[in-house]
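Structure first, then comments.
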Amino acid sequence: MATEHSKASARIMIAPAVFVLLVWMLVPLCMTLYFSFADYRPLRATFDAWIGFDNYVSFLTSDSFISSVIVTLQMVAGILVITIGGGIALALLLDQPMFGQGIVRILVIAPFFVMPTVSALVWKNMFFNADNGLFSYLWKFFGAQPYDFLSQAPLFSIIVIVAWQWLPFSTLILLTAVQSLSSEQLEAAEMDGAPGYSRFWYIILPHLSRAITVVILIQTIFLLSIFAEIFVTTNGAFGTRTLTYLVYQRVLESQNIGLGSAGGIVAVILANIVAIFLMRIVGKNLDT
Amino acid sequence: MARAISPRKKMMWTVLAWFFGLLIFFPILWTFLTSFKAEAVAIADPPVWFFFDWTTENYTAVLGRSNYPLALMNSIVIAVGSTLLGIIIAVPAAWAMAFVPGRRTKDVLMWMLSTKMLPAVGVLYPLVLIAKYFNVMDSRILLVVILMLINLPIIVWMLYTYFREIPGEILEAARMDGASLRNEIIYVLTPMAVPGIASTILLNIILAWNEAFWTIILTTVSAAPLTKFISSFSAPEGLFYAKLSAASIMAIAPILVMGWFSQKQLVRGLTFGAVK
């Protein structure tokens, strides 16, 4: 139905958005790619434009890379387990008839809107602190030794902080999915005498599977880039250095631009592997 | 849901849900309470709950610190500025894709989305370099532009899903009546699109307000928003819990309120329509 005229205008209307995103994506990425093949250390005034794959080899074979990948995987997996498990439980709970449903919903969603630096600092000081943190009082109350979370269990502590921030996200999306489940189906199963857990296992969970996949993919993409929470709690120490953080340190702290850029490209490739799966699901949905 | 529910069961769910709701909300509640305590009370052992001398001295103290008002102003300028700039670029694009879809519309949308998945560290140094080259390090304009670019795919995507729900027949009717493209947008589409645009703005202000990678790395003082300002508390001196709490509450309160209003849009905006 669209005329040639409106098609031409449409192209002009889309152009600015496409143009700025194209520049935004291509220019810096090409620069990173270029630096990743160079020996570039500004602090030592070293610049050698082409050293082949040396940066990639030394980045990929370094112990810090291997350990950063392990830390990243542990962190992402830990957060996903908590947010998906907790999210399903909370979504089913919030779907039940109750008084003050709206208020409970608001309480549950709130952490998502807290800025990362605030939540990291609040948890670090007011909960995890060995001298004055609330957990220390709790531990003492039960007669246990106060525990210095961020130095004794730093990875776990960061997982708790980030999971707290992301639990609302998974809960909200899973709740949306739960609410689209037809109650007739559940009632029929109930009348047929299906016990609670098999109703959950055979009806609810399969219905949620798509939403769960989406949550996993979206969270993974965001979680691969966790930064502020590490920055203000451990600054990458005590085995909490993720791939993102390692690249950040190589580039901005030790100013080894070549090596850091190679790391950046590696991070881009890893993120893209996850992104492809997400895009497929989103793309399929676009057709319907 | 027409099922009859026994009051006892409903009561049980209520208690359970409120318990977990309050548990999850607790860190925010505790920060709120602590922000009204004197510093010595804030670290009292055992912890004090509600019965203390409520004071607003922490808020006065934080607001009196030289750079808090500046950080607040920076946050507002950066979040609102980047969102509005994004809207200006995204509205025409989303409109065109929703109402004059071409063969490649879907590809363009998917490609835009893929830029959102680019990890920030992949472009870290070039951006620092570009910012230094144009002499815009630690400036608001730099962050307005960068946060706009980061959120542009979400803005386009959300607007697109809203615009697609507007029935095309109305536009056709307007076209039959001889409305020009410009008039069509201004008089027909815009009034219908306002709710969608408003919730897109809301969600993106929230996302920009809380962005904590580029804001931390690309600012020092003069353009530092609240994310950066708060992170300066990570190496504190002396008693500071109550002041940290006050600063935190002020940083999150406006967004918390906006967030509660935009919870429905949140699902739509962050899943790119994959969950409805």
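Bear in mind that the values in this text are calculations on the coordinates, not laboratory data. The structure displayed is predicted, hence computed values, not measured ones. Cβ coordinates were reconstructed from backbone atoms using ideal geometry, including for glycine residues, and neighbour counts include every protein chain displayed.
Structure above, values below:
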{"read-out": "Axial C-alpha extent at least 24 Å, average Kyte-Doolittle at least -1.0 - helices from chain B (DSSP)", "value": "B:7-34, B:68-99, B:140-164, B:190-210, B:241-261"}
{"read-out": "Other protein chain Cβ atoms within 10 Å, averaged over every residue that makes up A:7-20", "value": "6"}
{"read-out": "Segments B:185-191, B:69-75, B:105-111, B:172-178 sorted - mean Cβ within 10 Å per residue, highest first", "value": "B:69-75, B:105-111, B:185-191, B:172-178"}
{"read-out": "Two-site label geometry, A:I106 and B:L16: point separation in nm, points 7 Å out along Cα→Cβ", "value": "2.4 nm"}
{"read-out": "Anchor B:K116: lysines whose Cα lies under 25 Å away (excluding residues fewer than 8 positions away in-chain)", "value": "A:K284, B:K106, B:K132, B:K228, B:K264, B:K276"}
{"read-out": "Other-chain or far-sequence residues with amide H under 5 Å of A:T46's (modelled H)", "value": "A:R41"}
{"read-out": "Rg/Rg_globular for the range B:97-211, with Rg_globular taken as 2.2 N^0.38 Å and Rg from C-alpha atoms", "value": "1.34"}
{"read-out": "Derived scalar couplings ³J(HN,Hα) [the range B:43-50; Karplus, 6.51 cos²θ - 1.76 cosθ + 1.60; whole Hz; x for Gly, Pro]", "value": "10, 4, 10, x, x, 9, 9, 10"}
{"read-out": "Per-pair calculated FRET efficiency, R0 = 35 Å: B:A44 and B:V221 via Cβ, rounded to 0.05", "value": "0.55"}
